[in-house]
Each structure stands twice: as C-alpha cells, then as structure tokens.
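In what follows, a structure is listed as structure tokens, so that the remarks can point back to it.
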Amino acid sequence: MNQTAPHVTPAYPIERIRADFPALHQEVHGKPLVYLDNAASAQKPRQVIDTLAEFYARDFANVHRGVHTLSERATARYEGARDKVRGFLNAARMEEIVFVRGTTEAINLVAQSYGRTNLKAGDEVLITAMEHHSNIVPWQMVCRQTGAKLKVAPINDQGELILDEFEKLLGPRTRVVAVSHMSNALGTVNPVEEIIAMAHAHGAVVLLDGAQAAPHIPPVDVQALDCDFYAFSGHKLYGPTGIGVLYGKCELLEAMPPWQGGGEMIRKVTFEETEYKALPYKFEAGTPAIAEAVGLGAAIDYMDSIGHAAIVAHEQELLRYATERALEIPGLRVVGTAAHKESVLSFTLDRVHPHDIGTFLDHFGVAVRAGHHCAMPVMDFFQVPATARASFALYNTHEEADQLIYAIKEIIKVFG
Amino acid sequence: MLDELRDLYQEVVFDHNRNPRNFRVIEDADHKIEGYNPLCGDRLTLYIKLDGDTIADISFQGQGCAISTASASLMTEIVKGKTLAEAEKLFDAFHKIVTGQSDDLKLEGLGKLAVLAGVRQYPSRIKCATLAWHSLESALTGEAKSVSTE
C-alpha cells in the first residue's frame, strides 16, 4: 500500500492557501489540528478576518440612512458585497439578492412569504428524503398553516435521489419543490438540472438549498440552472456567521409579501398603512449584518482568487483518496456512496459508536462531526443512530486524510 | 491508548460497553421509560420493578456510545436493591461528580461509578453519562413518559 500520498496537484498552491488560514496552525491535544468539520462550518482566511477588522476600524456606520461620509462608505461596501454575490451566483440583477442570516432563514422566508401566499389546502410541497432539518421543518410549518401536504421523494441505498420516483410524485397540485443541491450528511450532489426541468414542467417553483453546494461545487449559475430560489450561508463559504443569501427570481420576489416588518424595509408608514421599499430591501427589515455581508464579499473574492475549477478538482481528489483509504479498513462502512458526491466522507465503525469515534479522533487532533448532522430522517433510512463525518475544504491535504485514517485504525485497536 | 483518554475510557468502561449488565427486558416492569439524547441519537429504554419503595429489579436496552452504555450498565448494578431515597442520593452525588461540582469520589456507595468521573473533562460527553440517570429520575418521579437530555 502506498503511504506517501504523492497526489498533490502541482498547480494547486496548497501551502500558500494554508498560510492564509490562521486557525489551521495550532495544536489540539499536542497534535497538529486536522480540521475536517467543514460541512458544519469552515475556517476563515486572513483576507476575510482582515476585511472585518478594517471595515470596523474605518468604514463602519449604519447603511442606507445616513447622509454622512461613513454611512455612504458602509452603504457602498454593503451594496458592493451584494454585487459580488450576484456575480458569484450569476444572477441577472442585484435586486434578486436578499441578505439574510443564513440558509435556514432564507428557506423560512420562502416558506412563509411565498408558501403562505401561494399554498392552499390540497396543494403539495415536494422535498427529498436526504434533506436536513432546515429544508424539512419550514415546509412542515407552512403545510400545517395552509393545509398543504408535504411529500418526500425516496433515496436509494447509495444515498441518491430515485429520479423516477421523484417524477412520479410531481403532479398538478405540486406548487413547490425544495431540494438540497448537495447533501450535508451524505455528500450526494443532486441532478438539479433534471429536477428543475421536471418540476417546471408541472408548474412548480424550485428552491435549491445550496448550503453545502455553494462552497464545494462552485460556480453556481442560477440563470443556467433556471432555479427559482437559491439559498446559502456565509460561514460554510469561508465567510462570517450570521450572513446568508436568498436568491429569487425578480418576478417571484416582487409578488411576495414581506415576512418581517420594521425599519429598513419601509418606504412610508402611517398608523393606517405602510408602503414597502422595492427589492431587495422589502425583505431586509432592521439593521442588516453589514460587516458580515462585507466579509462574505471578501470570502467570495478569496475563492475567486484561487479559482473555482481548481478548488473543485482539489477537493474531489482529496475525497477520492480518503474514501479509497477508508474502504481498506475492515469494519468501516461509508454511509452515502452516490456516484456524484463531493467533500463529505460519512462513516460508521463496527463496535465503536460515532460519539466515541469523535472523542478519540479529537485526541489525534482530527476534528470531525459525530451525530445525525441535523438530518435525522437520513440516519433512520440507513438504520444508524449517527455517523462520524469528515468533510474536506479547499485547505485540506492528503497528509491530513492520512492522519484521519491512521487515527481510525488506532481507535479500532483500542476498541478491539 | 492515548494517556489523556484513560481518564475517560477506563477498562471498566470498556468492559461494561462490551458486556452491559442487566441488558434485557423486564416483562412485568412497574416503570418503563424511554431516554433519548438527540445530540448523538443515543436511545435507551429503562425497566424498573419495585417492591414497596425498594428497586427490586432494573434493566435497560438500547443503543449508545461506550460512555452512555457503561453508565447505564453500572447504574443498574448499583441501584438494584436500593431504596428510592438511596437511589436519589446516588443520582445527586453522581451528577455532582460528572458535572465537576464535587471532587468527593469516595462518597459512600458510589463504588465503580467513580470511573465515570473523567467525563467532567469532556463537557460534550456529560449528557452521555447522565442519560440513564435522568431516565431513572424521571421514571421514579413520574414526570414524563420519555426523557431527553437536550
């Protein structure tokens, strides 16, 4: 067996990239940190951290309401970040980019605003069996409120959506299809082009949950995909927490009512009635996460500076290598073996509970997630209480994958 | 094994994880309660048979990590034959030790439970060690049909 891992693509500047991430250069329990919990949240490059510090130190003020210089600077940077997101998703217009707290809030916005307006008793919302709770619960809530029915398209033993079954569940009553672009628990990348075409043929709008996909299968082109809504979070994309994005087609967003009321989203208020601002401000009540939006813009710049194709190629090679070596370990079961998957290696071990795996790996410096990954129905489907999940990012290396494999073998020795 | 982990994973823990004691169903139990830790998906069902205010028999079944399985196994061993008041006192002492509120590991009657004291160094694992105990507490106070450590 080859232990030396000479697979690093020469063109990929991994050392320079790693140097950008201060958090990676520390020891945990006396071992170099191997951070493989990226599907939960990614570490931040110096470029993002510095942007936040520099923004707060020089340009910070509230946006859109000040006539003074700092407010104008802050507004320009906040709107500049919106334009970067527009470019990142290749959206046609800035008005289609709504800043929210994260993926979960984006999905709740669509469920409560679009859903409550357009769903009635007997209508159907179609999701898949691989969704995480953020793309299940908001739909359950709006279905309860409107009398609509939640339908769930099944997956197969590899963790892939069964496309024939999905299509059979589409009908004249299907109003909304909400699907993860990439599964957080399994790594599966869904055939979203086909899903969107099928859904549109039945007159349904499609929301893609891009929380995992945006960092790991960029670039996402919402115009080429023709999705109606796209949601993602800043913190998984090497940006700050508390900032995320809802993309929506202009004509849909225009027709949707605001879902939160208050400052920033109004044009005129009397006690009798309120006129709302135009898009996207109609959906941005209250003071937004200004610095976080600017930080997200810096994260997008950072990914652009490496190149999306290079990032994807590097992560694919890492996942291939780690999976191959993991499968050599007797008693290790990979949960989620889709033909098209990215970044995520979810696994269980015979006789060792994932929670124990997590604690032991931590003592080897290896940070993974152990649990149900907020996707309890997925765990039920695979009949496991939980999995250990290693998830790779643009800064991970083959040597780190080797450390993961080494630590797993040590755990098995201890547990016997 | 890594030295620092020995505090948490002592031989007694491995032993009770591999061969949990009282791992069975009590058909005519007076109390049956489901315990669940949504953080990691651990589940256990606790069965209790009382004789007056004495725990005549106690058993569990379920699926969990080494810490939660060993804790449940040790708990059933130690509270069997004890009165409800004695079990309550043990729970209190055990809870204080695993949450780091007490260092008194020599408390009377604590016995092998002291092996779980290392959990206090691992805040994310305290719930694993206390799941069975919270279930016992809940069963005896009759507060709920199921108990969750979240």
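Given the condition away from every other protein chain (no Cβ under 14 Å), open to solvent by less than 10 Å² (accessible area, probe 1.4 Å) and either modelled with pLDDT of 95 or more or on the phi > 0 side of the Ramachandran plot (or both), answer yes or no: does some residue in region A:347-368 qualify?
yes
Every residue in region A:279-309 that is assigned to a helix (DSSP H, G or I), within 22 Å of A:ILE49 (Cβ to Cβ) and of a type in the set (A, V, I, L, M), please.
A:ILE290, A:ALA291, A:ALA293, A:VAL294, A:LEU296, A:ALA298, A:ALA299, A:ILE300, A:MET303, A:ILE306
Scan region A:294-311 and give yes if some residue there is more than 26 Å from A:ALA129 (Cα to Cα), touching a residue at least 12 places away in the same chain (Cβ under 8 Å) and in contact with a strand residue (DSSP E or B) (Cβ under 9 Å, 6 or more places away or on another chain), otherwise no.
yes
Could you tell me which of the residues B:ASP28, B:ASP57 is open to solvent by 60 Å² or more (accessible area, probe 1.4 Å), modelled with pLDDT of 90 or more and more than 27 Å from A:VAL352 (Cα to Cα)?
Of the residues listed, the single one that is open to solvent by 60 Å² or more (accessible area, probe 1.4 Å), modelled with pLDDT of 90 or more and more than 27 Å from A:VAL352 (Cα to Cα) is B:ASP28.
From the list A:VAL294, A:VAL335, A:VAL344, A:VAL312, pick out the single residue that is within 14 Å of chain B (Cβ to nearest Cβ), within 20 Å of the chain's Cα centre (by Cα) and farther than 13 Å from A:ILE408 by Cα.
After applying the criteria, what remains is A:VAL335.
Looking at A:VAL384 and the list (1) buried (at least 18 other Cβ atoms within 10 Å of the Cβ); (2) within 10 Å of chain B (Cβ to nearest Cβ); (3) assigned to a helix (DSSP H, G or I), which single condition is not satisfied?
So A:VAL384 meets the others, but not (3).
For region A:387-399, what are the residues that are open to solvent by 10 Å² or more (accessible area, probe 1.4 Å) and touching a Leu at 6+ places or on another chain (Cβ under 8 Å)?
Hit for region A:387-399 is A:THR397, nothing else.
Check off (1) more than 19 Å from B:TYR122 (Cβ to Cβ); (2) crowded, with 22+ Cβ neighbours inside 10 Å for B:TYR9 and give me the number that stays unchecked.
The one condition B:TYR9 does not meet is (1).
Can you run down the residue pairs with Cβ atoms below 8 Å, 6 or more apart or on separate chains, where the first is in region B:23-49 and within 14 Å of chain A (Cβ to nearest Cβ) and in contact (Cβ under 8 Å) with a residue 24 or more places away in the chain and the partner is in a loop (DSSP other than H, G, I, E, B) and open to solvent by less than 10 Å² (accessible area, probe 1.4 Å)?
Between residues of region B:23-49 that are within 14 Å of chain A (Cβ to nearest Cβ) and in contact (Cβ under 8 Å) with a residue 24 or more places away in the chain and residues that are in a loop (DSSP other than H, G, I, E, B) and open to solvent by less than 10 Å² (accessible area, probe 1.4 Å), the close pairs are B:CYS40/A:ALA386; B:CYS40/B:CYS65; B:ASP42/B:CYS65.
Any residue in region A:318-331 that is outside any helix (DSSP H, G or I) and touching a helix residue (DSSP H, G or I) at 6+ places or on another chain (Cβ under 7 Å)?
Yes.
Taking into account only those residues within region A:14-31 that are in contact (Cβ under 8 Å) with a residue 60 or more places away in the chain and within 27 Å of the chain's Cα centre (by Cα), which is nearest to A:THR359 (Cα to Cα)?
Checked region A:14-31; the qualifying residue nearest to A:THR359 (Cα to Cα) is A:VAL28.
Tell me, which helices (runs of 4 or more DSSP H) lie completely within region B:11-98 with 3 or more residues that are closer than 20 Å to B:LEU140 by Cβ and within 15 Å of the chain's Cα centre (by Cα)?
B:66-79, B:84-98
The values are calculated or read from the model by the stated rules, or taken from the named source; none is laboratory data. Here the structure is a predicted model, which is why all the values come from computation and not from measurement. Heads up, the Cβs are rebuilt from the backbone with ideal geometry, glycines too, and the neighbour counts pull from every protein chain shown. We work out accessible area using only protein heavy atoms, side chains counted, and drop any ligands, DNA or RNA first. Shrake-Rupley method; radii C 1.70, N 1.55, O 1.52, S 1.80 Å.
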